[in-house]
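Right, one structure below, let's go through it.
The values are calculated or read from the model by the stated rules, or taken from the named source; none is laboratory data. None of these values were measured; they are calculated from a predicted model. Quick reminder, even Gly has a Cβ in these numbers, built from the backbone with ideal geometry, and neighbours come from all protein chains shown. Side chains are part of the model used for accessible areas, which takes the heavy atoms of the whole protein and leaves out ligands, DNA and RNA. Shrake-Rupley method; radii C 1.70, N 1.55, O 1.52, S 1.80 Å.
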Amino acid sequence: VADHGLRPESGAEAAGVATLLARRGIAARVLRLDLEGRTAGVQARARAARLAALLAECRVAGTPWLLLGHHLADQAETLLHRAAAGSGPTGLAAMAPVRATPEALILRPLLGIAPARLEAVLAAAGVAPVRDPGNADPRFARVRLRAALADAAGTGPQTHALASAATAFGARRVRQARVMAERLAAAAVLHSEGWAELDPAELGRDAVAEAALAALIRVVGGAPRYAPAPAAVAALRVAGQGTLGGAWLRPGRAGRWLLLREPAGAAAAPAVPVRPGAVWDGRFRLTVPGAAAPDCAFTIGALGGAAAALLRREPGAAPRARHLPAAVLATLPAIRPCHEASRGHSALAAVPALLYPDPSAAARFAMVLAPVTGPVSGSGA
């Protein structure tokens with residue numbers, strides 16, 4: 001049960017819901033988010049923080065899926081909100097019933113169910129719903145849109161028409177994702193070190209090519225969940241080189257393109273403590289606890305150009321280092337002791353992607369490419 005901490009009484013409400021669940025034999029605990037409620041965009045931040053906290057719990061518990069209770073009226077409201085913000089067809093698909101994330105598969109099984117029907121089920125079970133007063137505060141755009149629908153029960157024709165439109169846009173989004181996945185399979189190779197090779201001829205020059213390139217930019221660039229602007233992606237494709245969304249497109253051998261993490265962006269990505277499930281640069285996730293102690297023992301940060309150059313010159317130290325572009329090496333995650341102030345080669349404890357200093361040491365800090373944006377060809381929100 002997520003407690004956003006936006007109201008003084010929210011803690012007691014969350015505890016009450018957890019108690020109700022426990023009485024019915026459903027294990028639950030309260031996740032306290034403690035958000036600041038006086039800044040702009042508080043509802044959006046609260047939704048993002050709640051989802052992040054729930055997904056983190058899934059990762060810790062090893063739960064492969066997360067079920068969310070969004071219903072028909074939520075779907076209609078989401079479509080309206082995105083239409084008002086000028087979203088295109090992809091955004092107007094609203095919430096996807098299934099969406100993959102690195103932590104778990106998000107499922108929304110109630111998107112076709114009106115809230116009145118859900119409340120009837122609760123009433124039959126003798127459960128009184130807990131209502132968040134923030135959902136009735138007209139300061140928020142979503143609340144005003146909900147009021148404009150004038151259909152709290154979610155059974156009116158407008159709500160159903162909007163939800164049906166979202167479903168149609170969703171089907172279109174799925175078809176587009178399938179076509180894009182096929183194009184990517186023919187045109188691109190995504191490497192586990194977080195970079196891609198592209199065949200521009202196979203990629204093409206159409207809208208599918210630009211959607212595919214945008215998806216790769218999100219994965220390689222460690223960017224937020226939303227894709228870069230279509231016009232910017234089109235300009236990058238035409239130029240065949242440049243930077244966008246934290247990614248660097250440049251010519252490679254035999255007419256191919258290389259899409260790399262922008263070295264300056266990786267260097268600026270904050271180092272994070274080695275902890276179970278730690279994510280660095282929005283791209284790499286630790287898959288084992290490593291050697292972390294209650295206090296910081298090791299951190300994950302960019303290898304850096306200087307350390308990468310030393311590794312390439314060191315005979316036998318990291319054979320894989322000599323087969324990767326120098327710019328890729330600099331953006332690899334590297335493990336360093338927390339107490340080392342130096343960022344140099346001497347401070348390295350491991351570079352997992354290079355099996356450095358040896359496979360056994362690297363295995364203590366095993367990491368995988370698991371972009372926070374989700375799968376490269378995924379769809380949904």
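At a threshold of 8 angstrom on Cα-Cα distance, excluding pairs fewer than six apart, so keeping six or more, what relative contact order does the chain reach in percent?
Value for the chain: 14 percent.
Using alpha carbons only, how many degrees (0 to 90, rounded to 10) separate the axis of helix 10-23 from the longest principal axis of the chain?
Helix 10-23 sits roughly 80 degrees off the main axis of the chain.
How high is the FRET efficiency between A231 and V17 when r is their beta carbon distance and R₀ equals 41 Å, given to the nearest 0.05?
The calculated FRET efficiency here is 0.35.
Stretched out fully, how many nm does the piece from S164 to D132 gain, at 0.36 nm a residue minus the Cα gap?
Once the chain is fully extended between S164 and D132, it gains 8.8 nm.
For the stretch 13-112, taking Cα atoms only, what is the radius of gyration to one decimal and the Dmax to the nearest whole Å?
Rg then Dmax for the stretch 13-112, in Å: 15.4, 45.
With an 8 Å Cα cut-off and a minimum separation of 6 or more residues, compute the relative contact order for the stretch 156-309 in percent.
About 16 percent, as a whole number.
Could you calculate the contour length gain from A326 to V121, that is, 0.36 nm times the residue separation minus the distance between their Cα atoms, to one decimal place in nm?
Here the answer is 67.8 nm.
Which chymotrypsin sites (Phe, Trp or Tyr not before Pro) in the stretch 135-243 pass both tests, a DSSP loop state and at most 14 other beta-carbon atoms within 10 Å?
Here the sparse-neighbourhood loop sites are Y226.
Say R0 is 41 Å: what FRET efficiency, to the nearest 0.05, do A147 and A27 get from their beta-carbon distance?
E(calc), rounded to 0.05, equals 0.65.
Select from P129, P251, P109 the residue whose mean-square fluctuation is largest in a Gaussian network model of the chain (Cα-Cα springs shorter than 10 Å).
Comparing P129, P251, P109 in a Gaussian network model of the chain, the most mobile one is P129.
Does anyone have the angle between helix 72-84 and the longest principal axis of the chain? Alpha-carbon axes, 0 to 90°, nearest 10?
60
Say we join alpha carbon atoms closer than 10 Å with springs in a Gaussian network model of the chain; which of L286, L122, L54 then has the biggest fluctuation?
In the Gaussian network model the winner is L122.
At 0.36 nm per residue, minus the direct Cα-Cα distance, what do A185 and A306 gain on full extension? Give it in nm, one decimal, please.
Fully extending the segment from A185 to A306 adds 40.1 nm.
Taking all protein chains as present, what is the carbon and sulfur share of the accessible area of the chain, in % to the nearest whole number, probe 1.4 Å?
Heavy-atom surface of the chain belonging to carbon and sulfur, 1.4 Å probe: 60 percent.
Please work out the average accessible area per residue across the chain, using the 1.4 Å probe convention, and give it in Å².
On the way: 18910 Å² over 381 residues.
With the other protein chains kept in place, the chain gives 50 Å² per residue.
Given the convex hull over the Cα atoms of the stretch 80-210, what projected area results after averaging over all orientations, in nm²?
Working: hull surface 45.5 nm².
For the stretch 80-210, the mean projected area of the Cα convex hull comes to 11.4 nm².
Just to confirm the number: angle between the C-alpha axis of helix 230-239 and the first principal axis of the chain, 0 to 90 degrees, nearest 10?
20
Which of these, A239, A362, A278, has the largest mean-square fluctuation under a Gaussian network model of the chain (Cα springs below 10 Å)?
A239
Dimensions of the stretch 102-145 along principal axes (Cα, Å, largest first)?
Here the Cα extents, ordered largest to smallest, are 37, 31, 18 Å.
Just by accessible area at a 1.4 angstrom probe, what is the order of D137, D132 from largest to smallest?
Largest accessible area first, the residues go D132, D137.
Take the alpha-carbon centre of the stretch 149-217, take the same for the stretch 238-274, and report the distance between them in whole Å.
Distance between centres, Cα-based: 23 Å.
Report the FRET efficiency, 1/(1 + (r/R0)^6), for R364 and A268, where r is their Cβ-Cβ distance and R0 is 35 Å, rounded to 0.05.
0.85
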